[in-house]
Amino acid sequence: MSTFVKGLEGVVAAQTEMSFIDGQQGILEYVGIPIGELSEKSTFEETVYLLWNRRLPKKDELAQFQRELRSRYYLPAGMANRLMALPMKAEPMHVLRTMVSALSMHDEHPDANDVESARIKSLFILARAPAIIAHFDRYRRGLHLIEPDPSLSFAANFLYMLNGEKPTPTMERAFDICMILHADHGLNNSTFAARVIISTMSDVYSALTGALGSLRGPLHGGANEGVMKMLNEIPSIDAVEDYVKGKLERKEKIMGFGHRVYKTRDPRALALKKLAAQLAKDTGNEELYIKSSRIEEIMEREVAAKGIYPNVDFYSATTYHCIGLRLDLFTPMFAMSRLGGWSGHIIEQLHDNRLFRPKAEYIGPHNAPYIPMDQR
Ligand code: SDX
């Protein structure tokens, strides 16, 4: 009789060759390559190739992958009109989840889930996520849509469609690093959701739609928006100490801190902290960065002993703000990148599938009588 483990904490529920995480040492590797190396030397497109193929591409293989991805940037006919029929007030994460699901209706064989079909569908969805988000954001701002530019990288094309102008090399690189850092992270809740759904031999669209639903939760990918709301709520740098201590006293969680696996610094937070510092300086947002580092100092003093450190969401908030993204686009950014990791896990699950079907420990009554209505 196996014992009940709440939240499956510490339970190994899958094997993967994609991300290695050591929560005690603060190590994250994608197919064995340290995340710091990749964020410094790789690109998001190359990282997705690495995650899907378990090795870095040769020059011609990367060029071929880029062609496969970039040639799919355009939305299928009719999708843009469907986007612009949505309420302008709709939340971008709900829009992304809905439109990824809708993409299945533009696929002649939506249910094909052999490994190669899954790879092509994953490309189809990953390549179009930027247009879904950028088109919706411009539509709700009353701006005309900007068609994708297949000559641009994944990162540059998104910023181009969002802002109507090509990004500076600095902004493109900063955004590309964010995409690398968010691409995969072991069996987090949304990745588990994707694997559970595809394990029934359902389709890639359903599995990614389920993962999107999980990611938006404030305990997961939704935290980056929570961090920004917190930074906006704190009236000044001097008010940080009282604000943080007040929340801790009320047992309220500080968004962007803590992690189920990391009990030391999340290596992604370290990389994003550097990026945030540079971008805050370049864009005149130093106060945001100083507030963030002040929060980190106070949390270090108050709760580091409990293994609570900044996670990936803490400094990504300042980074995305400095790149010029609206607050409710932060989680969609996380999702856009994690579509790469989720797809890799879907392909991995299909390679060696076993239906996920854990047990629930029944703790209710037995042999209970059926009480007639007039006696209840
Ligand atoms: C992501 O799994 C992944 O890999 C996820 C992710 C990925 O790449 O996919 O890394 C991305 O989701 C990062 C996490 C983003 N979420 C947040 O920033 C939300 C705030 N964080 C917390 O909700 C929390 O830290 C979790 C959910 C992330 C992890 O929580 P656990 O493992 O369930 O830990 P817990 O809630 O049981 O907390 C243990 C203790 C508690 O104190 P006690 O009751 O023991 O006294 O630590 C405290 C908690 O109150 N605590 C916090 C805290 N997080 C935990 N206290 C204040 N602020 C926090 N943020």
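Surface composition of the chain: carbon and sulfur make up 54 percent of the accessible area, probe 1.4 Å. Listed values for the stretch 353-359 are Karplus-derived 3J(HN,Hα) couplings in whole Hz (6.51 cos²θ - 1.76 cosθ + 1.60, θ = phi - 60°), namely 7, 9, 3, 6, 8, x, 10, and x replaces Gly and Pro.
Counting only Cα atoms, the size of the stretch 223-323 along its three principal axes is 34, 29, 21 Å, in decreasing order.
The stretch 280-315 and the stretch 100-149 have their alpha-carbon centroids 35 Å apart.
Shown here for the stretch 66-97: trypsin sites (Lys or Arg not before Pro) in loop regions (DSSP other than H, G, I, E, B) with at most 12 other Cβ atoms within 10 Å, namely LYS89.
The heavy atoms of VAL312 present about 10 square angstrom of accessible area, all protein chains included, probe 1.4 Å.
Computed extension gain for ASP238 through ARG141, at 0.36 nm per residue and net of the alpha carbon distance, reaches 31.5 nm.
Residues whose amide H comes within less than 5 Å of that of THR43, counting only those at least five positions distant or on another chain, are absent (H built at 1.01 Å from N in the peptide plane). With 32 Å as the limit, the listed pairs LYS6/LYS281; LYS41/LYS166; LYS89/LYS274 have LYS6/LYS281; LYS89/LYS274 beyond it between alpha carbons.
Rounded if a/c is under 1.5, else prolate if a/b beats b/c, else oblate: with a ≥ b ≥ c from the C-alpha gyration tensor eigenvalues square-rooted, which is the chain? Taking the square roots of the gyration eigenvalues as a ≥ b ≥ c, the chain is rounded.
For the stretch 1-75, the set of GluC sites (Glu not before Pro) satisfying both a DSSP loop assignment and a count of at most 15 other C-beta atoms within 10 Å is given as GLU9, GLU17.
Shown is the FRET efficiency for HIS94 and THR283, computed with R0 = 22 Å from the Cβ-Cβ distance and rounded to the nearest 0.05: 0.15. Of all the options GLY23, GLY142, GLY210, the one that moves most in a Gaussian network model of the chain with Cα springs shorter than 10 angstrom is GLY142. Phi angles across the stretch 281-290 convert, under the Karplus curve 6.51 cos²θ - 1.76 cosθ + 1.60 with θ = phi - 60°, into 3J(HN,Hα) values of 5, 5, 10, x, 10, 4, 4, 4, 5, 5 Hz, Gly and Pro given as x.
Annotation: amide H of PHE257 within the under-5 Å range of ASN311, sequence separation 5 or more or interchain, hydrogens built in the peptide plane. One chain, two ends: ARG301 and ASP149. Fully extended at 0.36 nm per residue, the span grows by 49.9 nm beyond their Cα-Cα distance.
Here the Karplus curve 6.51 cos²θ - 1.76 cosθ + 1.60, taken at θ = phi - 60°, turns the phi angles of the stretch 37-47 into couplings of 4, 5, 5, 7, 10, 9, 10, 4, 4, 5, 5 Hz, with x standing for Gly and Pro. On a per residue basis, the chain carries 47 Å² of accessible surface, using protein heavy atoms and a 1.4 Å probe.
Placing +1 on each Lys and Arg Cβ and -1 on each Asp and Glu Cβ, with no other charges, gives the chain a dipole about its Cα centre of roughly 460 debye.
The packing ranking of peptides 126-134, 355-363, highest mean first, is 126-134, 355-363, where packing means the average number of other beta carbon atoms within 10 angstrom of each residue.
The values are calculated or read from the model by the stated rules, or taken from the named source; none is laboratory data. Computed from a prediction, not measured in an experiment: that's the story for all the values here. Positions of Cβ are generated from backbone atoms using ideal geometry, with glycine treated the same way; all protein chains shown enter the neighbour counts. Note: areas computed on protein heavy atoms with side chains; ligands, DNA, RNA excluded. Shrake-Rupley method; radii C 1.70, N 1.55, O 1.52, S 1.80 Å.
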